[in-house]
Amino acid sequence: MSSADADAEMTSGIRRQGPGGTALPTEIYLGMFRTMILSRRFDEACAALLGAGKPVPHFHSGVGQEALMVAAVAPLRRDDQMIYTHRGYGHLLAKGVSLREVALDTFMKRGGTNNGLGGNMHVARPDLGVPGREGVFGTRFGIATGLALAQTLDGSDAVTVCFYGEAAGARGILYESLNMAVLWKLPIIYIAENNGWSFSSRTEWLFPNGRMTPVWRGFDIPVEEFDGNDPEVTFTTVCRALDHARSGAGPVVLEGLTYRLDPHIWYDPADYQPNAEIASRRERDPLAIARRHLVKRGVAIDRIQSIEQEAARELEEVMRETEAAPWAGWNTNAGVVLT
Ligand SMILES: Cc1ncc(C[n+]2csc(CCOP(=O)(O)OP(=O)(O)O)c2C)c(N)n1
Ligand SMILES: [Mg+2]
């Protein structure tokens, strides 16, 4: 596929105006907004089921991080590889995986992407540039850097984007991988999702001043810290990074600043996370920021509301279908070859 054709087939239906075209058109912003809402509503639906005493398999809420997840993936091409994180569903939805697949995988039902074998931590759609993910922090850096090397050896101009929670950035393999990517000018973007916490540890306890960017600047490559709760800033920052990596100039490291509004995981009471801190960070809820931006761009409130209602309807339908779907099991996977 030529670069131009691939561009036309962007994962989220986004058509950028070639390299350097980083502006975010309103129609694309609206599509991202819808994906952000779907991600939020799915987290809320899982929490509501838990609240009602129903069993919900393993999930890590992405509430508060939807802008970073969705707007950083929206500008990717279909053939760009994306390693997502354990938190939230926005990366997957923005890369083209359906909410139905995410829900079936989450609830270990038949019909998702991994036949109920991996939950939502191991969603895999290689045809969409979603090769799956690991469960042991840090290993992703080696995997992602290898993917970028393979893309280069294949003569492709596709880019690999490796998202990670900031705690994984404390593992040594990031620095080994980055060093190799710099030496070999690999087309890879490492994006830290700095959400202030790694389970019950504050980011300030892991890195000086709670930031990683000063460490990376020593590699003499583009390094940028950005507001990960602002969809537009996230989109344009990643567009610039993509242009750099795709041009053959080597890796980029980004640190998106956001905040984890929900507990680390469903069984976590999060009593270590001060309520006043959560309340103040809720004022920068990315969904509210997106809504404000859209209104400022002249989008009618009715249109915004109809997108919200449509997303709510899709969520309801998917939850109904998921509940009715048969459980997956080893026997139902007989004959399935996982490659
Ligand atoms: C090597 C390793 N240690 C511990 C875990 C368990 N674990 C899962 S999520 C998590 C916290 C991660 O924090 P961060 O990277 O900041 O991502 P966040 O959860 O904040 O999105 C931990 C310790 C793991 N998966 N792998
Ligand atoms: Mg974190």
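Name the pairs whose Cβ atoms lie under 8 Å apart, with the first residue in region 191-203 and closer than 27 Å to residue 242 by Cβ, the second near ligand 2 (Cβ under 9 Å from one of its atoms) and of a type in the set (Lys, Arg), and 6 or more positions between them or separate chains?
193/87; 195/87; 195/260; 196/260
Across region 159-174, what is the total count of residues that are more than 16 Å from ligand 2 (Cβ to nearest atom), among the aliphatic types (A, V, I, L, M) and within 18 Å of the chain's Cα centre (by Cα)?
2
Filter region 185-229 down to residues that are within 16 Å of ligand 1 (Cβ to nearest atom) and β-branched (Val, Ile, Thr) and give me whichever is farthest from residue 151 (Cα to Cα).
Looking at the filtered set, the residue picked out is 203.
Would you check which residues across region 289-339 are aliphatic (A, V, I, L, M), out of contact with any Pro (no Cβ under 8 Å at 6 or more places or on another chain), modelled with pLDDT of 95 or more and over 20 Å from residue 46 (Cβ atoms) and list them?
294, 295, 299, 300, 301, 304, 307
I need every pair where a residue in region 246-268 that is at pLDDT below 95 has its Cβ under 8 Å from the Cβ of a residue that is more than 15 Å from ligand 2 (Cβ to nearest atom), sequence separation at least 6 or different chains.
Short answer, once both residue conditions are applied: 265/58; 265/59; 266/46; 266/47; 266/50; 266/56; 266/58; 266/59.
Is there any pair linking a residue in region 210-224 that is among the β-branched types (Val, Ile, Thr) to one that is in a strand (DSSP E or B) and surrounded by 17 or more Cβ atoms within 10 Å (Cβ to Cβ), with Cβ under 6 Å and at least six apart or on different chains, and which?
Sorted first by the residue in region 210-224, then by its partner, the pairs are 213/223; 213/225; 213/255; 223/253.
List pairs: first residue in region 132-153 and at positive phi, second residue away from ligand 2 (no atom under 16 Å from the Cβ) and assigned to a helix (DSSP H, G or I) anywhere in the structure, Cβ distance under 7 angstrom, at least six positions apart or on different chains.
If the second residue must be away from ligand 2 (no atom under 16 Å from the Cβ) and assigned to a helix (DSSP H, G or I), the pairs left are 132/122; 138/173.
Give me the pairs: first residue in region 159-183 and touching a residue at least 60 places away in the same chain (Cβ under 8 Å), second residue within 10 Å of ligand 1 (Cβ to nearest atom) and aliphatic (A, V, I, L, M), beta-carbon distance under 9 Å, and six or more apart or on different chains, which are they?
Pairs found: 163/192; 164/192; 165/192; 166/192; 166/206.
In region 239-289, what residues are charged (D, E, K, R) and either in a helix (DSSP H, G or I) or at positive phi (or both)?
Selection gives 240, 243, 246, 277, 281, 282.
Hey, residue 117 hits all of (1) surrounded by 24 or more Cβ atoms within 10 Å (Cβ to Cβ); (2) among the aliphatic types (A, V, I, L, M); (3) part of a loop (DSSP other than H, G, I, E, B) but one; which does it fall short on?
Unmet condition: (1).
For residues that are in a loop (DSSP other than H, G, I, E, B) and closer than 21 Å to residue 328 by Cα, tally how many sit in region 48-85.
Count: 6.
Residues being charged (D, E, K, R), surrounded by fewer than 17 Cβ atoms within 10 Å (Cβ to Cβ) and in a strand (DSSP E or B): count how many of those fall in region 184-238.
So the count comes out to 2.
The values are calculated or read from the model by the stated rules, or taken from the named source; none is laboratory data. No experiment lies behind these values; they were computed from the predicted model shown. Here Cβ is always computed from backbone atoms with ideal geometry, including for glycine, and neighbour counts include all displayed protein chains.
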